[in-house]
């Protein structure tokens with residue numbers, strides 16, 4: 001009997017230790033936000049506060065910033081440790097453009113636009129807001145923007161908030177797509193010359209999912225749902241249920257547009273009534 005009791009106790013302890021390790025590995029039970037920090041407004045030289053900036057995205061070397069400002073995509077440079085006043089991107093300004101995101105290798109910039117599709121009247125915007133991209137050229141400029149066609153873009157459907165991993169996996173959110181009511185998060189794998197059919201990201205039960213930011217190594221996704229920011233960790237071929245970020249971020253005001261800097265050191269996001277883009281130190285593991 002003593003042997004059976006000892007074996008049972010060791011088994012239970014082993015299970016508990018294993019689950020503790022799994023939870024620790026996925027960050028469960030420990031908020032990714034550093035407890036002794038608080039949000040601050042991200043500022044650039046010559047930019048008044050409050051402002052209408054949102055959706056920041058940084059180049060791989062951390063010295064170039066892409067952001068949205070009043071339905072335009074703007075670019076800011078880091079000089080002598082300070083961010084300069086953003087200037088209009090050469091491919092933006094005629095149509096409504098926003099939610100820009102630079103790929104982890106810095107070679108492709110994705111964004112949302114209502115600019116006309118090829119073959120449409122060149123002076124009339126399309127009815128839908130869909131995903132576009134522009135490639136970095138050898139001379140440092142940008143290519144003519146191209147529309148992300150099917151299976152990413154579908155007729156009559158609006159898409160928002162693109163983000164992309166190092167392997168090219170694309171995340172975005174879309175309303176009313178393929179029979180799904182409300183806003184859904186989606187991801188589509190890059191197959192070398194085209195995207196696979198986007199798949200639904202069920203990260204917070206049946207609740208809407210907005211603005212999914214995927215980590216460069218695809219180890220986690222930060223997203224907005226029910227007005228709060230959550231984090232979901234990679235688990236096999238799927239994702240864990242979203243874990244709400246700490247009260248420093250989720251203070252009762254609706255949050256959106258999360259972006260995490262390379263190295264998982266800083267979270268940038270938007271908050272209702274905030275004077276601009278907010279940032280806070282993080283420790284994601």
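The values are calculated or read from the model by the stated rules, or taken from the named source; none is laboratory data. What you see is a predicted model, and the numbers here were worked out from it, not measured in a lab. Here Cβ is always computed from backbone atoms with ideal geometry, including for glycine, and neighbour counts include all displayed protein chains.
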field: Tally, over the stretch 109-124, of residues that are part of a loop (DSSP other than H, G, I, E, B) and touching a residue at least 24 places away in the same chain (Cβ under 8 Å)
entry: 3
message: Please pick out the residue among 277, 284 that is farther than 17 Å from residue 162 by Cβ, in contact with a strand residue (DSSP E or B) (Cβ under 7 Å, 6 or more places away or on another chain) and at pLDDT 95 or above.
response: 277
- prompt: Among the candidates 106, 62, which residue alone is within 27 Å of residue 246 (Cα to Cα), part of a loop (DSSP other than H, G, I, E, B) and either in contact with a strand residue (DSSP E or B) (Cβ under 9 Å, 6 or more places away or on another chain) or modelled with pLDDT under 95 (or both)?
  reply: 62
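Residues are listed down the side, and each one gets a yes or a no for (1) at pLDDT below 95; (2) buried (at least 21 other Cβ atoms within 10 Å of the Cβ); (3) closer than 26 Å to residue 151 by Cβ:
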position	(1), (2), (3)
55	no, yes, yes
68	no, yes, yes
90	no, no, no
98	no, yes, yes
101	no, yes, yes
119	yes, no, yes
123	yes, no, no
126	yes, no, yes
132	no, yes, yes
Enumeration of residues in the stretch 230-263 that are without any contact (Cβ under 8 Å) to a residue 60 or more places away in the chain and part of a loop (DSSP other than H, G, I, E, B): 236, 237, 241, 242, 247, 250, 251, 252, 253, 254, 263
query: Among the numbered criteria (1) surrounded by fewer than 19 Cβ atoms within 10 Å (Cβ to Cβ); (2) over 24 Å from residue 193 (Cβ atoms); (3) under 16 Å from the mean Cα position of the chain (by Cα), which single criterion is violated by residue 106?
result: (2)
message: If I ask for residues that are part of a loop (DSSP other than H, G, I, E, B), on the phi < 0 side of the Ramachandran plot and without any contact (Cβ under 8 Å) to a residue 40 or more places away in the chain, which ones from the stretch 264-280 would you list?
response: 265, 272
task: Could you list all residues from the stretch 65-90 that are in a strand (DSSP E or B), in contact (Cβ under 8 Å) with a residue 40 or more places away in the chain and either closer than 10 Å to residue 44 by Cβ or touching a helix residue (DSSP H, G or I) at 6+ places or on another chain (Cβ under 6 Å) (or both)?
output: 67, 83
Cβ pairs under 7 Å, 6+ apart, first in the stretch 145-158 and surrounded by 14 or more Cβ atoms within 10 Å (Cβ to Cβ), second modelled with pLDDT under 95 and outside any loop (DSSP other than H, G, I, E, B): 154/177; 157/177; 158/175
query: Can you find even one residue in the stretch 193-200 that is surrounded by 17 or more Cβ atoms within 10 Å (Cβ to Cβ) and under 14 Å from the mean Cα position of the chain (by Cα)?
result: no
message: For the structure I just gave you, tell me whether residue 175 is within 25 Å of residue 116 (Cα to Cα), under 20 Å from the mean Cα position of the chain (by Cα) and surrounded by fewer than 17 Cβ atoms within 10 Å (Cβ to Cβ).
response: yes
Candidates 262, 229, filtered to the one that is surrounded by fewer than 15 Cβ atoms within 10 Å (Cβ to Cβ) and under 17 Å from residue 281 (Cβ atoms): 262
